[in-house]
Amino acid sequence: MGWMVRAGGTLYAPDFGNHGGSATGGLGSYTPYSGRTISAVSGTGTSADPFQVTVQNQLGASGLASSEVVQYVNGDNFFRKQFTLTNNGAAAQTANIFLGGDIYLAGSDSGVPYRLSASGSIGGSDCGTPASYYILYIPQTPADAWTGSGYSSVWSQIGGGALNNALSTTSCIDNGAALQWNRTLAAGASVT
């Protein structure tokens, strides 16, 4: 799972290959983020003061920089990720921002692609009938595109620069999901 950005014809992504193994071959060619810094964990884990970690990266020589804030409250069955992209360059830049991943459901690599259209959420459920376990990416800012499919198809769509707004109808597959936001950032501007 991770945030990926396509800008200026280049896909920037976490250095999946050096994270102890990865099934992200479908992404194709990408430039790993550079200059990474990770903050110490702050917070006490309460809703008023969640645990928090901030990860900052540079996107090659593009002039773009990213900052991701991850928050978790003890006992919650979810966590929050907030991604900010900043254009430190001298000219406006267009970027496609993706949050995507291979979904591993309740101890199984098999699942059913699932979409909750009311919230714009995408993810997967377990293969039970009825399903009893879900993993969802719930956008706090409406996404411009989404996909729920086999994990390799998800990576390929991100690698190609556009999600297909389609939900696979194949049941009990090694599934994945992604969201996409398309933004243009003026010089010196940020988007979260």
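Odds and ends about this structure:
- In sequence order, calculated HN-Hα J values of the range 61-74 (Karplus, 6.51, -1.76, 1.60; Hz; x Gly/Pro): 9, 6, x, 8, 9, 10, 9, 10, 10, 10, 10, 9, 10, 3
- Taking the DSSP beta bridges with both ends in the chain, the antiparallel portion is around 95 percent.
- Based on Cα atoms of the range 60-124, Rg over Rh with Rh as the Kirkwood radius reads 1.08.
- Rounded to the nearest Hz, the phi-derived 3J(HN,Hα) couplings of the range 159-175 under the Karplus curve 6.51 cos²θ - 1.76 cosθ + 1.60 (θ = phi - 60°) are x, x, x, 7, 8, 9, 6, 10, 10, 4, 9, 7, 8, 6, 10, 6, 9, where x marks glycine and proline.
- Note on the chain: helix-only mean residue ellipticity at 222 nm, from DSSP H runs of 4+ residues weighted -39500 (n - 2.57) and normalised by residue number, equals -1500 deg cm²/dmol.
- Set of the range 66-89 residues, backbone N closer than 18 Å to the point 7 Å along the Cα-Cβ line of T141: 66-71, 80-89
- Karplus-derived 3J(HN,Hα), 6.51/-1.76/1.60, for each residue of the range 86-99, Hz, glycine and proline x: 10, 9, 8, x, 8, 10, 4, 9, 9, 9, 9, 10, 10, 10
- Residue of G75, G150, G159 that the Gaussian network model of the chain assigns the largest fluctuation, springs spanning Cα pairs under 10 Å: G75
- Separation of the range 1-78 from the range 93-153 is 18 Å, based on Cα centroids.
- With R₀ set to 25 Å, the beta-carbon distance separating S132 from F78 gives a calculated FRET efficiency near 0.90.
- Kirkwood-Stokes translational diffusion coefficient of the range 1-142, alpha-carbon pairs, 37 °C, 0.692 mPa s, µm²/s: 192 µm²/s
- Length gained on full extension, I38 to S119, computed as 0.36 nm times the residue gap minus the Cα-Cα distance: 26.1 nm.
- Accessible surface of the range 73-192 [probe 1.4 Å, protein heavy atoms]: carbon and sulfur percent: 50 percent
- Other-chain or far-sequence residues with amide H under 5 Å of G111's (modelled H): C172, I173, D174, N175
- By the equivalent-ellipsoid construction on the alpha carbon gyration tensor, the range 81-189 comes out with semi-axes of 30, 13, 11 Å, ordered largest to smallest.
- Gaussian network model of the chain, Cα within-10 Å springs - most flexible of N165, N182, N18: N18
- Using the average count of surrounding beta-carbon atoms within 10 Å as a protection proxy, the listed peptides 185-192, 133-140, 38-45 rank, highest first, as 133-140, 185-192, 38-45.
- FRET efficiency estimate (nearest 0.05) - Cβ-Cβ, A91 to C172, R0 35 angstrom: 0.15
- Average accessible surface for the chain: 49 Å² per residue, computed with a 1.4 Å probe over protein heavy atoms with every protein chain in place.
The values are calculated or read from the model by the stated rules, or taken from the named source; none is laboratory data. Source: prediction; values computed, not measured. Please note: Cβ atoms are built from the backbone with ideal geometry, for glycine as well, and neighbour counts cover all protein chains shown. With ligands, DNA and RNA removed, areas are computed over all heavy atoms of the protein, side chains included. Shrake-Rupley method; radii C 1.70, N 1.55, O 1.52, S 1.80 Å.
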